[in-house]
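Read the figures in this text as sums done on the coordinates, not as results from a lab. These numbers were taken from a predicted model, which means no experiment stands behind them. Note that we place each Cβ from the backbone using ideal geometry, even for glycine, and neighbour counts take in every protein chain shown.
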Amino acid sequence: MVLDRSISELKGVGSKRAELYKKLDIFTVGDLLRHYPRAYEDWSKITPVSLAMPNEPCCVKGWVVAAPSEYRVRKGMTLYRFRVSDGQNSIQVTLFNNRYAAAKIHRDEEVLLYGTVMRNGRHFEMSSPLVEAASTGERIRAIYKQTEGLSSRMIETNVRQALALVESAALPDCLPPNLRERMELCDQLTAWREVHFPTSSASLDAARRRLVFEELFLLQIGLLRMKNRARGITGARITADYTAQYAAHLPFSLTGAQSRAIAECVRDLGAERPMSRLVQGDVGSGKTAVAAGVAYTVIRNGWQAAMMAPTEILAEQHAETLHKLFGDRVRIALLTGSVTASKRQALLAALAAGEIDLLVGTHALIGEHVHFARLGLVITDEQHRFGVGQRAALAAKGVNPHMLVMSATPIPRTLALILYGDLDVSVLDELPPGRQPIQTFAISSQKRERAYGYVRRHLDEGRQGYIVCPLVEEGEEPSDLTAATELFEKLQAGPFSGYQLGLLHGRMKPSEKERTMAAFAAGEIQLLVSTTVIEVGVDVPNAVILVVENAERFGLAQLHQLRGRVGRGQYLSTCILISDHSGEETRRRLQVMCATTDGFRIADEDLKMRGPGDFFGSRQHGLPNLHIADLMADMPLVQLAQMSAANRLEADPELAQPENAPLRLAVARLFAQVGAQGLN
Ligand code: ADP
Ligand code: MG
């Protein structure tokens, strides 16, 4: 198929240029056509020289009144100067070292110059503008994301060739004709042609609308098909509900929201189709107890369960928590990358023999030597840290096992529709009783000493706290490590001498981390100086103070996660954000943190400030990348695409009808890129 042909089959794309294209993630003709322009230059709007705004690029049209002359200024620097008149004014144009461009400019020819016009008294000048013959250049031109050695213009040329190739192949449109008609969308070829070589801004808009819809629609179709597929028939159909037995042994009573979520899951477990459910709840809402309850019923029915967490600290903590919740009634084992070879061997043997009921661990659980005897339930915690692919890999270790996904990163609902389009959702909209809202203050470093005094008072009362160090970009000095270590030493020697301090950072050995966390959980460490390794999930209810240094370095979602480390018990908790940054955005972010503890509101604000790009990357979620859709601006299309996708699949679940064949192919191709096979 022509879209899958290698980019190097295009004229003028040799192996060297193909290498450059790789840097842009472009391998095939289809990739190139989906390398949508990041902006446009309007060469169709001609500006009279006298009206050109300073510092604003514009397009000037005129006659060459003096051909280029060459000036060698110094070694390696040659200027080419020529004059252009637009009928009223004349401009002096200078090109630097560009013999190639200069050679194409002749006297009495009409040209277009694109660039900024500088005014020098009564003289006008342009320095290194783009030059084009007026006969061919008067149009809207695409600007592409480029890379060194591969300019936007070269890309444009190759895109033109790719278009010609696709045109001659008479490709069927991936959107069925009746859908296009109903949604008033232009056909694929027109859309590609117009998005790369617009003939007018209206046709560009129409092309964009079609391509955005297509992108969102294909994504939705793929997600829905995955969801339906997951709903083949489960090997672990479960009918006996052990929730009451589980609840009877708990040290607390479940909240209404927790009971509801467990009931929804247990209802799913009894169906022919496997459960595929997301439990979304703000930090501290008690998701672990929900997962444990569901696991308990599955296990009592004779099946095994697996729980995967994104970090070792979290996996260890889960293993411990579950142990407390279940006592000896469930056989739990922990598998992480740091389990020794001999232990690991024994563990895997026991697992395969069915002597382990619940395996908790990191992505080590996906390892190829991990075999379950009867895997009935797969749980992933902090889902945003895993991709769709990893979830599926774990599920593949059972026969269509049930899937439960927990996420503490609240995301705006519309975005959830996309990211979790393949899941049913239960929301924990209630915190366990007795929680007091966390009070949050943003202060400057001048007040740091006072803040430390406040922290000491709480430590004296028997409480604990965290001090979180700045997030440091890789390669930046000082590194996370030194930042955390230095702060730790400074605090231990000065403001917190006489207190039990601990240090936790990402580069410690897992066993050291474990020891430190255990000491903190046991209350032996009063104040934990840490990098963001405590960000997800860590649960020590006696910790009531969180101080964040250089708070401006953290995103809103991350601050919210960090803050979730306190306020987990009966005590009033405080979060202190220290920052000397006076930037507008920082101020707004910190204000949001002080004003609300509602994760959904924070997520909305975050999305508004950052734009959806950060939320939506294939690396993060294991979903195909969006090339053109802008989730904020295109939200109405998201919903339309969703409805259209659902309708289409309802009428033709396997996309088996001939009119849907190109659609099926396009979806399969899209998802194959992220390793989700088998959608064709
Ligand atoms: P998260 O939803 O952030 O993962 P956890 O599952 O870690 O939250 O639970 C947070 C804390 O709340 C834990 O200490 C847990 O023991 C406690 N907890 C959970 N459910 C209840 C409940 N129904 N009543 C009281 N405490 C609870
Ligand atoms: Mg959790």
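Laid out as a table, the results:
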quantity: Rounded FRET efficiency, nearest 0.05, which uses the C-beta distance separating residue 449 from residue 6 and R0 of 45 Å; calculated: 0.10
quantity: Summed residue charge, Cβ within 14 Å of residue 247's Cβ, Lys/Arg positive, Asp/Glu negative; calculated: +2
quantity: Protection proxy ranking of 447-453, 547-553 - average other beta-carbon atoms within 10 Å, highest first; calculated: 547-553, 447-453
quantity: Residue exposure sequence - 143, 91 - by fewest surrounding Cβ within 10 Å; calculated: 143, 91
quantity: Total formal charge among the other residues, if their Cβ is under 14 angstrom from that of residue 304, Lys/Arg +1 and Asp/Glu -1; calculated: +2
quantity: Residues in segment 126-150 that a label on residue 71 would reach, taking backbone N under 16 Å of a point 7 Å out along Cα→Cβ; calculated: 126-129
quantity: Cα centroid separation - segment 89-130 against segment 287-340, whole Å; calculated: 70
quantity: Selection from 142, 533, 433, by position along the positive dipole direction of the chain (Cβ); calculated: 142
quantity: Gained length - residue 341 relative to residue 181, 0.36 nm times residue gap less alpha-carbon distance; calculated: 51.5 nm
quantity: Protection proxy ranking, peptides 649-658, 583-592, 331-340, average beta carbon neighbours within 10 Å, highest first; calculated: 331-340, 583-592, 649-658
quantity: Most to least packed among 633-641, 13-21, 355-363, 260-268 [average Cβ atoms within 10 Å]; calculated: 355-363, 260-268, 633-641, 13-21
quantity: Footprinting exposure proxy for 435, 507 (fewest neighbouring C-beta atoms within 10 Å first); calculated: 507, 435
quantity: Helix-only [θ]222 nm of the chain, DSSP H runs n ≥ 4, -39500 (n - 2.57) each, per residue, nearest 500; calculated: -12000 deg cm²/dmol
quantity: Straight-distance crosslink candidates among lysines, where the alpha carbon sits under 16 Å from residue 22 and sequence neighbours closer than 8 are dropped; calculated: 145
quantity: Nearby lysines by direct alpha-carbon distance to residue 490 (threshold 30 angstrom, same-chain neighbours under 8 apart not counted); calculated: 447, 509, 513
quantity: Summed residue charge, Cβ within 12 Å of residue 28's Cβ, Lys/Arg positive, Asp/Glu negative; calculated: 0
quantity: Two-site label geometry, residue 587 and residue 355: point separation in nm, points 7 Å out along Cα→Cβ; calculated: 6.5
quantity: Rounded FRET efficiency, nearest 0.05, which uses the C-beta distance separating residue 522 from residue 461 and R0 of 25 Å; calculated: 0.90
quantity: Two-site FRET efficiency, residue 369 against residue 201, from Cβ-Cβ distance with R₀ of 56 Å, rounded to 0.05; calculated: 0.45
quantity: Segment residue 38-residue 430, length gained on full extension (0.36 nm per residue, minus Cα span); calculated: 136.8 nm
quantity: Dipole magnitude (debye, nearest 20) for the chain, charges at Cβ of Lys, Arg, Asp, Glu; calculated: 700
quantity: Sequence-distant lysines (8 or more away, or on other chains) whose Cα lies within less than 18 Å of residue 287; calculated: 324
quantity: The chain: DSSP helices with Cα axial extent of at least 15 Å and average Kyte-Doolittle hydropathy no lower than 1.0; calculated: 661-672
